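Below: the structure, in structure tokens.
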Amino acid sequence: MKRRDFFLKSAGVGLGLGAVMSLGSYKTLTAGPSAFALPDMAAVRGGEPDVMFDRAIAAMGGMEHFVKKGQKVVVKPNIGWDVPPERAATTNPLLIKRIVQHCYQAGAKEVLVFDNTCDTWTKCYKDSGIEKYVKSARGKMVPGNTEGYYQEIELARGKRLKKVKVHELVLDSDVFINVPILKSHDAAKLTISMKNLMGVIWDRRYWHRNDLNQCIADYATYSRKPDLVVVDAYNVMMKNGPRGVSKSDVVKMKAQIVTTDMVAADAAAAKIFGVDPASIRYIRLAHEMHAGNIDLSKLNISRIKI
């Protein structure tokens, strides 16, 4: 093993198992959510993706806190690449299944799942395992591959990104859940929740040509923010992202972050990865533009170890 690879794996494991449990202030919810103010974030480690989500969403007040009876829910995983789940380029399918199940248990009328993929969408949906798992939970996979699905909106606070075409599902949803996977990225350093929203817009090339980090932060100021953010850090691609090369790029961290604040979610995930959140330019910019909070010490975080 090369020295750099050894360092990445060793640092990733140590930080991934420790950083999740050492973020911000802490309040134990020993008597159930109704007995205390709900936390700003749930940080979980040590379990399987579905079990961690069960514990995290309970700490956040239960899915019924976010989804009401008869509502349309849109779930946005990262399904951008046609690679198998073990490469950790796409969101864990078991996590997506469990989120869909929780939505229906809370009374959702329908749960729709989509991404504007980089590779052929039908292959991405199938080979990621997400299509199979979503359908087994009664959810519906929806394509994002045609410009006609997208409607133009304006970003009043955008600096480089003034207008953008957004998938109609997001605009029409009652509840929007963003479920990124944490991984390395060659251009942005990390892909987490804010960058995952590049999969709800049409023209990604414009962002890459016009200051990618600023465009990511600009879009984070849009008023239709996710109602819930769930960061999948079960298997984390430490290098060669966003597609990855092989399973050797991946470290099993068994972690998950659940919150309503994308900036906070990305800051916490950056710490899991082992980097200072402020060193990820779009996280810092989004905080400066008041799209969310990078300062985890200001948050009430429920830490859960399984």
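The values are calculated or read from the model by the stated rules, or taken from the named source; none is laboratory data. Keep in mind the model is a prediction, meaning the values are calculated, not measured. Cβ atoms come from the backbone with ideal geometry, glycine included; neighbour counts cover every protein chain shown.
Tabulated data
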read-out	value
Out of GLU131, GLU147, GLU152, sole residue that is acidic (Asp, Glu), surrounded by 15 or more Cβ atoms within 10 Å (Cβ to Cβ) and at pLDDT 95 or above	GLU131
Residues satisfying the stated conditions in the stretch 88-101, i.e. more than 23 Å from VAL251 (Cα to Cα) and crowded, with 24+ Cβ neighbours inside 10 Å	ILE99, VAL100
Test result for THR122, more than 23 Å from TYR234 (Cα to Cα) and of a type in the set (Ser, Thr, Tyr)	yes
Residue among LYS247, LYS195 that is of a type in the set (Lys, Arg) and crowded, with 21+ Cβ neighbours inside 10 Å	LYS195
Residues being in contact with a strand residue (DSSP E or B) (Cβ under 6 Å, 6 or more places away or on another chain) and either closer than 30 Å to MET238 by Cα or loosely packed, with under 14 Cβ neighbours inside 10 Å (or both) - total across the stretch 155-165	1
Strands (runs of 3 or more DSSP E) (entirely within the stretch 150-266) containing at least 3 residues that are under 30 Å from ASN300 (Cβ atoms) and in contact (Cβ under 8 Å) with a residue 24 or more places away in the chain	175-179, 181-185, 189-191, 228-237, 250-259
Selected residue (criterion: nearest to the chain's Cα centre (by Cα)) from residues of the stretch 267-283 that are of a type in the set (A, V, I, L, M), crowded, with 22+ Cβ neighbours inside 10 Å and not in a loop (DSSP other than H, G, I, E, B)	ALA269
Condition check for ALA59: more than 24 Å from LYS195 (Cβ to Cβ) and surrounded by fewer than 17 Cβ atoms within 10 Å (Cβ to Cβ)	no
Qualifying residue in the stretch 284-304 (condition: closer than 18 Å to LEU95 by Cβ and either in contact with a helix residue (DSSP H, G or I) (Cβ under 7 Å, 6 or more places away or on another chain) or part of a strand (DSSP E or B) (or both))	yes
Among the candidates ALA59, ALA42, ALA88, residue that is at pLDDT 95 or above, more than 30 Å from LYS247 (Cα to Cα) and of a type in the set (A, V, I, L, M, F, W, C)	ALA59
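Quick grid of which residues meet (1) among the hydrophobic types (A, V, I, L, M, F, W, C); (2) closer than 20 Å to ILE257 by Cα; (3) touching a Cys at 6+ places or on another chain (Cβ under 6 Å); (4) buried (at least 23 other Cβ atoms within 10 Å of the Cβ):
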| residue | (1), (2), (3), (4) |
| --- | --- |
| GLU168 | no, no, no, no |
| ASN178 | no, yes, no, yes |
| LYS183 | no, yes, no, yes |
| ALA187 | yes, no, no, no |
| ARG205 | no, no, no, no |
| ARG209 | no, no, no, no |
| ASP218 | no, no, no, yes |
